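Peer 1: Just dropping this structure here.
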Amino acid sequence: MLDTLQAALAKYDIDSRDKLLLAISGGLDSVVLLQALLDLGFQPELAHCNFGLRGEESEADADFCQRLARQHGLTIHIKKCETETYAQEKGLSIQMAARDLRYAYFEELDLLGNYRAILTAHHGDDQLETMIFKLARGSALEAVAGIREKRQKYIRPMLGILRNEIEAFAQERNLAWREDASNAETKYLRNAYRHRLIPLWEEIQPDLKSKMLLSSRLLREQSDALDELLEEKLSEALIQEEGWERLNYSSIVDKAWFGQLLYKWLSPKGKWDWPAVHHLWQSRKGRYTENEDYRLYHGEVCYELRKQSSSPSVSLELLEGDSEIEKPIRMDMQILPREKVKLDGLREHHFLDYKALEFPLTLRTWRDGDRFQPLGMSGTKKLSDYWIDQKMPMAEKDGQLVLESAGEIVALIGHRIDHRFRVQNSTKTIYFVRLK
């Protein structure tokens, strides 16, 4: 076992001179990892989270870890967590809340200690349980491959070691450890796999665990190879500008890995309804799906992602005598005789028939369902459909301003006026709007 452990650490250039932090619960796995590290000449600092979920037993776990550190002359850091309160506040299960608190504490310690690595005692049986758990949930390749041996500073050097080897090491060294009675309760799915499913499976296939660890390594290699491909394709297809991103899918939507590309792109950006994301490209252009922080549009041969705006909608009254505004957009307005105006086609200039307007006008943020009649066209059109026709990024419509008269849109600011408010041969006075 020591050889396997040392080889796992050497793979990442970890040696006994490095400053390490070891997560220790007081249970068999972490106690064995500590003893093995000591045997190899390491002197790690220890970190223990008291989750307070088992009353006096939790306090006894913390005391045990304290004595263990004192016995070996090691520094130990202990934190008592309000796990149940945190779980309620965040809407998490107790297990997920404990995980969040544990890793947050490790990160806090690392900011102060700047460790070379943070070690955890996950082992081969944990790997098998994780693979079954993820597979049964319908997870993708990255998850089914199991626990990564290294992620950032975290190293799990016992993933190649099975629990029976750990138990044998503990008995040989006459080690003491703490037992968590909840680990035997099969009401938790992972425990049910451990105590009921896997033993039955091993009766049928005695070499189950070694074969599953081999599968984990092979799946991890394939997952990493796919990840390299996705990274390359994502860099080719993704355009990023301030406030939004655009993924051109025209040449890749039929690829077998397209769904994984979407996952790689979007998963760091919160929780998504993945069936809705995958089917978005089949829907009519202009449709979107969203999560708490982002909105994903189906644009012209692309997905367009924009961060949800937290700013309030704009609604500003413009009086007949107003000549300029500075916010939310710099714009001036003039009432001019027809003969003094030379019409042009600049998007920043809007020429409107003054007589057709009713004051005060309203400058406001567009709303779902808004319609107007684009200049030169017959019949009205939804603004969202207009943008699609113009092949404009759907994400750019967020925050778009319109100018309104008596409930009718007279101009899509910076783009086009409404045909009904155009300057005609009979127009004698023009309302001229200019973006600065």
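Per-residue answers, yes or no, for (1) of a type in the set (A, V, I, L, M); (2) out of contact with any Cys (no Cβ under 7 Å at 6 or more places or on another chain); (3) more than 17 Å from residue 436 (Cα to Cα):
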residue: 323; (1), (2), (3): no, yes, no
residue: 330; (1), (2), (3): no, yes, no
residue: 337; (1), (2), (3): no, yes, yes
residue: 340; (1), (2), (3): no, yes, yes
residue: 352; (1), (2), (3): yes, yes, yes
residue: 363; (1), (2), (3): yes, yes, no
residue: 372; (1), (2), (3): no, yes, yes
residue: 376; (1), (2), (3): no, yes, yes
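Peer 1: Limited to segment 133-150, what total is found for residues that are buried (at least 20 other Cβ atoms within 10 Å of the Cβ) and more than 21 Å from the chain's Cα centre (by Cα)?
Peer 2: 1
Peer 1: What are the residues in segment 174-193 that are in a helix (DSSP H, G or I), surrounded by fewer than 13 Cβ atoms within 10 Å (Cβ to Cβ) and of a type in the set (Lys, Arg), if any?
Peer 2: Selection gives nothing.
Peer 1: For segment 17-31, enumerate the residues that are surrounded by fewer than 16 Cβ atoms within 10 Å (Cβ to Cβ) and over 13 Å from residue 119 (Cβ atoms).
Peer 2: 17
Peer 1: Going by what's in this entry, would residue 150 be described as among the basic types (Lys, Arg) and in contact with a helix residue (DSSP H, G or I) (Cβ under 8 Å, 6 or more places away or on another chain)?
Peer 2: In short, no.
Peer 1: Quick check on segment 355-379: of everything there that is in a loop (DSSP other than H, G, I, E, B) and within 39 Å of the chain's Cα centre (by Cα), which residue is modelled with the lowest pLDDT?
Peer 2: Across segment 355-379, the extreme among qualifying residues is 368.
Peer 1: List the residue pairs whose Cβ atoms are under 8 Å apart, where the first residue sits in segment 66-90 and is closer than 11 Å to residue 45 by Cβ, the second is among the small types (Gly, Ala, Ser) and not in a helix (DSSP H, G or I), and the two are 6 or more positions apart or on different chains.
Peer 2: 76/47; 77/47
Peer 1: Let me ask another. Looking at segment 193-204, I want the residues that are assigned by TED's automatic domain parsing to the domain that holds residue 162 and of a type in the set (Val, Ile, Thr) and have a partner that is surrounded by 16 or more Cβ atoms within 10 Å (Cβ to Cβ) and part of a helix (DSSP H, G or I) with Cβ atoms under 7 Å, at least 6 apart or on another chain. Which pairs are those?
Peer 2: Qualifying pairs under 7 Å: 198/128.
Peer 1: Follow-up question, since we're still on this one. Anything in segment 278-336 that is hydroxyl-bearing (Ser, Thr, Tyr) and within 25 Å of the chain's Cα centre (by Cα)? List them, or say none.
Peer 2: Selection gives 283, 288, 289, 294, 297, 303, 309, 310, 311.
Peer 1: Within segment 256-277, restricting attention to residues that are over 25 Å from residue 228 (Cβ atoms) and touching a residue at least 12 places away in the same chain (Cβ under 8 Å), which residue is farthest from the chain's Cα centre (by Cα)?
Peer 2: Looking at residues that are over 25 Å from residue 228 (Cβ atoms) and touching a residue at least 12 places away in the same chain (Cβ under 8 Å), I get 276.
The values are calculated or read from the model by the stated rules, or taken from the named source; none is laboratory data. Computed from a predicted structure; not experimentally measured. For neighbour counting, all protein chains shown are included, and Cβ atoms are generated from backbone atoms with ideal geometry for every residue, glycine included.
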